[in-house]
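Written out below as structure tokens is the structure these notes cover.
The values are calculated or read from the model by the stated rules, or taken from the named source; none is laboratory data. Keep in mind that what you see is a predicted model, and the values were worked out from it rather than measured. Virtual Cβ from ideal backbone geometry, glycine too; neighbours counted across all protein chains shown. Note: accessible area is taken over every heavy atom of the protein model, side chains too, but ligands, DNA and RNA are not part of it. Shrake-Rupley method; radii C 1.70, N 1.55, O 1.52, S 1.80 Å.
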Amino acid sequence: MKIVVDFDKCKSNAVCMGIAPEIFEVRDDNFLYVLQQEPPESARPLVEQAVRDCPTQAISISE
Amino acid sequence: MRTVAVVGTSLAGLRAMETFRREGYDGRIVAIGGEPHLPYDRPPLSKELLAGLSEPDDIRLRKQGVDDLDVEWMLGTRATALDLGARELTLANDTRIAYDGLVVATGSTPRRLPNQPELDGVFMLRTLDDALALRATLPAGPKVVVIGAGFIGAEVAATCRGRGLDVTVLEALPQPMVRGLGPELGAVIADMHRDHGVDLRTGVGVEAIEGDTRVERVRLADGEVIATDVVVVGVGVVPETPWLEGSGLELENGVVCDETCLAAPGVVAAGDVARFPNRLFDGELMRLEHWTNATEQGVHAARRLLAGDAGTDLVFAPVPFVWSDQYDRKIQTVGVVSGDCDLHVAHGSYSERQFVALFGRNDRIVGALGFNRARQVMQYRRLIADRASWDAALELANA
């Protein structure tokens, strides 16, 4: 599982960080940093929730 | 279940349909929507789409398409009645649809002003068609009057200022969003709009919107007259429940559900239309009109319906989350924010328009509002979900 973020769409709402702070982090510069580009399979439910809940649909999973 | 009907084809309804399929339901799904469009995203209607930065195609939900969901779409057709006992819906074209499970996700409708006239140039903003009609008037450089300084009114004002238009905002209360946020934060929002050139007038009543066939002026309660080309009315929404009158569902400012989103046997509700007790906030009845809730509750309601009698412990107890983009600011609230809470400001100041305001009640942190502080807001969201104490929140604020 590889996480892909479309940074043209991302508006740093940090919803993903609220769901999976070990994977997504919005820092004080207001940019999103993906801490784990290829998280373990066990994280899939959380990543899928982040994909679904992202207000700008900026996150996707490439297998 | 062999047939699930989903009434309402916006975000909550779509998320429910996706969930049915993801959880392995392989029966029939019938989706009934009053609008002619496949599901699209509403937040951009008052922002990017109105600004001309995105087009209808850009704001489709589910970019990969909807074919894999195997849904029978009945679009441009409203449901007009529900027979709970017979488990049957009636549509505006008199079609009847029998269902085994039902998702009510009909959303909400903009509230009209009393005596609001049918004039060209007077708009409400809820649907894609509303937004395109309003947008089509903007290239001519109209003077715009926005009635109501809630989220929609404030975003329309900010977008229109971004297009260089002359904007007046009329708010009946002493500050924007004063009921939800209290006077202090209302003033911060008011100052921001004034600094961006909005003629914001608070504490003013609208007497009449006047014109011949097109709107020409707005008459205020104090007698003043404001000439205008466009009026946008943004004075809140009402849940779309008239079609359920007499159905036997309990209707009181929405479809009343239990804390699992169940409204009746075989019937769940989700999104703007659903009112439910939120266990995380001592069972306070909530009806949330926001994007994130539509997503979360749509998913939850579908799971609840699939679980049947085994689903009574599937409690929906979210931390509400709202965001609004105005000018160069991202305003976010989490939890319950209300003017009667204890207030503490951290991580910046009002004057920088970069801060987090914490809301406390009964020694608990119950809410937070951030201006350009997404990272911190999400940290407080976690505290709220964990029922953290007010002191624990202050500790994070002072760390």
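Evaluate 2.2 N^0.38 Å with N set to the residue count of the protein assembly as shown, then give the Cα radius of gyration divided by it. Please list the in-between numbers first.
Values: Rg = 22.1 Å, N = 462, 2.2 N^0.38 = 22.6 Å.
Dividing the Cα Rg of the protein assembly as shown by 2.2 N^0.38 Å gives 0.98.
For the stretch A:21-63, a reduction of at least 30 Å² in accessible area between the chain on its own and the assembled protein chains (probe 1.4 Å) is found at A:ASP28, A:ASN30, A:ARG52, A:ASP53, A:PRO55, A:GLN57. DSSP assigns beta bridges within the protein assembly as shown; of those with both partners inside it, close to 65 percent run antiparallel. Take the solvent-accessible surface of the protein heavy atoms, probe 1.4 Å, and return the percent of it on the stretch B:1-146 that carbon and sulfur atoms account for. Roughly 47 percent of what the probe reaches on the stretch B:1-146 is carbon or sulfur. By the rule of a C-alpha distance below 25 Å, with chain neighbours fewer than 8 residues away ignored, the lysines paired with A:LYS2 are A:LYS11, B:LYS63. Axis of helix A:44-53 versus longest Cα principal axis of chain A: the two differ by about 40°, to the nearest ten degrees. Think of a 1.4 Å ball rolled over the protein heavy atoms: the stretch B:302-399 then has 41 Å² of accessible area per residue.
The stretch B:156-205 and the stretch A:18-63 have Cα centres separated by 34 Å.
What quantity of accessible surface, computed with a 1.4 Å probe and excluding non-protein components, is buried in total between chains A and B, in Å² to the nearest 100?
Numbers: alone 4060 and 16900 Å², together 19120 Å².
Looking at A and B, the buried total is near 1800 Å².
Each Lys and Arg Cβ is given +1 and each Asp and Glu Cβ -1; about its Cα centre, chain A then shows a dipole of about 140 debye.
Computed over chain A, the quotient of the alpha carbon radius of gyration and 2.2 N^0.38 Å is 0.97.
Apolar share of the accessible surface for the stretch B:341-392: 40 percent from carbon plus sulfur atoms, 1.4 Å probe.
Using a simple charge model, +1 on the beta-carbon of Lys and Arg, -1 on the beta-carbon of Asp and Glu, nothing else, what dipole does the stretch B:49-182 show about its Cα centre, in debye to the nearest 20?
Details: 14 positive and 18 negative charges, 131 e Å.
Charge dipole of the stretch B:49-182: 620 debye, to the nearest 20.
For the stretch B:369-399, a drop of 30 Å² or more in accessible area on going from the chain alone to the assembled protein chains (1.4 Å probe) is found at B:ALA374, B:ARG375, B:MET378, B:ARG382. Across the accessible surface of the stretch B:161-260, with the other protein chains kept in place and a 1.4 Å probe, carbon and sulfur atoms take up 45 percent. The residues of the stretch B:179-240 expose, per residue, 45 Å² of accessible area to a 1.4 Å probe. Treating r as the C-beta distance of B:GLU284 and B:SER54 and R0 as 30 Å, the FRET efficiency rounds to 0.25.
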